[in-house]
Amino acid sequence: MVGSMRSKAKVAGVMLSLAGATAMMMGNSGGRAAVGGHGATGAPAETGQLCIGCHNGGPFGPTIELLEITSGGQLVATYRPGQVYDVKMTAAAGAGNPAGYGFQLTAIDGARNNVGTFGNLGANVKESVAANTGNRKYLEHKGGMSATREFTAKWTAPAQAAGDVDFHYNGVVANGNGNQNGDNGGLGSSITLSVFRLPMPYFHDFEFGDGGWTSYESPATPMPAWTWGAGQAATVGDPQAFGVAGNGMGGGVVGYLELPPLDLSMSTLDPIIAFAIHYDTEPGVAGGWLELSTDGGVGWAPLGGIGEGEGWYDDQSPIHGPMWGGESQGWSYAEHELTGTAGHAYVLARFAFTVGEGTSLDVFGVDDVMVDPAPGDPLWEPTLEGGSDGGDDWGTSDGGDWDTTDGGTSRGGDDWGTSGGPGDGGQGSTSWAGSTSTGWSEPPPPWPVPEPMATTTF
């Protein structure tokens with residue numbers, strides 16, 4: 001009697017063990033992270049097996065894993081902080097016709113922490129937490145195996161640069177028999193997105209687009225304060241420039257116009273920033289200034305003071321400090337060292353503009369922005385193109401004048417200009433001709449600029 005009871009207990013224990021194993025095998029159809037608490041992509045610090053460790057022996061050949069991260073339909077290799085990207089993971093069979101598909105995907109930084117956020121998940125996608133992998137978040141298939149092989153989501157990059165972001169992913173093609181036998185799993189793959197940074201030297205004249213610059217306000221307003229395009233013709237006299245008008249902002253609001261990040265890691269001396277500005281504001285109340293950040297946008301500081309550089313600030317705000325204010329009498333030139341930025345791989349710069357109480361009479365414009373190595377920086381050897389420039393002109397591709405080679409006009413004589421913009425010479429008060437403008441009758445900055453800068457499109 002006792003022996004019989006013991007036999008029954010052993011049988012029951014074996015049956016429970018088998019049931020548990022079967023449940024685990026079948027349960028992963030609900031997602032490895034959600035059910036087993038594990039990652040299976042091959043990412044660092046994962047525990048457990050890859051997909052192929054359990055799902056093997058099937059007739060579907062090698063599992064093909066494809067991850068596409070796109071912006072505007074174009075594949076990307078870099079990301080910009082805060083920008084949203086489309087993500088599509090495809091798990092395909094090398095042969096045969098699987099009954100269903102599964103996947104797993106995670107995005108981590110160099111410290112093995114999740115980075116960015118996923119949203120707008122496809123109908124067959126869910127986000128799970130892998131309790132046995134440091135509570136790392138994963139995207140994986142939802143509601144059992146998927147009838148379709150594509151899994152989609154949107155990924156929002158971190159608000160501040162986080163270095164390289166690694167996307168680890170894996171896939172399964174299944175026969176639909178309710179367990180892992182006869183399936184095929186992948187070995188795991190990964191791709192890396194690095195943070196987008198402008199190369200050096202940099203030049204953009206906004207002739208054919210906004211150059212990836214961004215506009216925002218603090219506090220936020222319904223419409224961006226800074227805009228680019230035809231609407232600016234009435235503001236700063238040039239549609240191929242960035243401009244801001246006081247009637248688009250409220251009192252106390254600061255509108256920002258931010259360059260894409262700059263990679264100055266190769267610089268041993270602080271580079272030079274130069275640009276054209278146009279402003280007509282109420283002195284002491286409304287105006288603009290330039291700010292820098294070398295810590296990913298956590299902290300910002302105004303660049304320079306009155307009397308520094310060339311054409312750098314001519315007014316003072318009791319709230320914001322030195323700024324450009326009053327009237328520039330058309331387009332003028334400003335130049336300053338990017339103080340404290342040499343050697344930094346991720347430098348942010350932004351123009352700021354405020355109007356105090358807000359008035360449609362206050363305007364500010366920015367055009368022809370350049371960041372160039374400091375003269376004498378040993379890691380840079382920019383060279384003049386062509387012959388002698390006669391001592392007055394910058395660039396020598398046309399025997400003494402600066403020709404943008406993009407269908408524009410040359411910088412004849414002492415004038416600096418590009419096609420369709422202030423340098424066209426035919427826009428009256430906005431012409432760069434020395435007889436009609438102030439600030440541009442003298443030659444532009446003395447440092448040389450390689451010819452490709454004038455033709456680069458971002």
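Observations on the model:
- Condition check for Gly96: surrounded by fewer than 19 Cβ atoms within 10 Å (Cβ to Cβ) and not hydroxyl-bearing (Ser, Thr, Tyr): yes
- Out of Trp324, Trp331, Trp289, one residue alone is without any contact (Cβ under 8 Å) to a residue 60 or more places away in the chain and either within 15 Å of Glu258 (Cβ to Cβ) or among the aromatic types (Phe, Trp, Tyr) (or both). It is Trp324.
- Any hit, segment 293-315, residues being surrounded by 23 or more Cβ atoms within 10 Å (Cβ to Cβ) and outside any loop (DSSP other than H, G, I, E, B): no
- Subset of segment 277-286 [in a loop (DSSP other than H, G, I, E, B) and in contact (Cβ under 8 Å) with a residue 60 or more places away in the chain]: Thr281, Glu282, Val285, Ala286
- For Phe151, the criteria (1) loosely packed, with under 15 Cβ neighbours inside 10 Å; (2) farther than 30 Å from His344 by Cβ hold in every case but one, which is (1).
- Among the residues examined, Ala162 does not qualify as small (Gly, Ala, Ser), crowded, with 22+ Cβ neighbours inside 10 Å and either modelled with pLDDT under 85 or outside any loop (DSSP other than H, G, I, E, B) (or both).
Here is a yes/no grid of residues against (1) under 30 Å from Gly299 (Cα atoms); (2) of a type outside the set (A, V, I, L, M, F, W, C):
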| position | (1), (2) |
| --- | --- |
| Gly102 | no, yes |
| Ala111 | yes, no |
| Lys126 | no, yes |
| Gly134 | no, yes |
| Lys137 | yes, yes |
| Thr148 | no, yes |
| Ala161 | yes, no |
| Asp166 | yes, yes |
| Val173 | no, no |
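- For segment 117-129, filtering for residues that are among the hydroxyl-bearing types (Ser, Thr, Tyr) and touching a residue at least 60 places away in the same chain (Cβ under 8 Å) leaves 1.
- Candidates Thr235, Thr227: the one that is modelled with pLDDT under 90, of a type in the set (S, T, N, Q) and assigned to a strand (DSSP E or B) is Thr227.
- Just one residue in the set Gly182, Gly171 is assigned to a strand (DSSP E or B), modelled with pLDDT under 85 and in contact with a helix residue (DSSP H, G or I) (Cβ under 9 Å, 6 or more places away or on another chain); that residue is Gly171.
- Test: residue in segment 13-34 that is at pLDDT 85 or above and of a type outside the set (Phe, Trp, Tyr): no
The values are calculated or read from the model by the stated rules, or taken from the named source; none is laboratory data. All values reported here derive from a predicted model rather than from experimental measurement. Note that we place each Cβ from the backbone using ideal geometry, even for glycine, and neighbour counts take in every protein chain shown.
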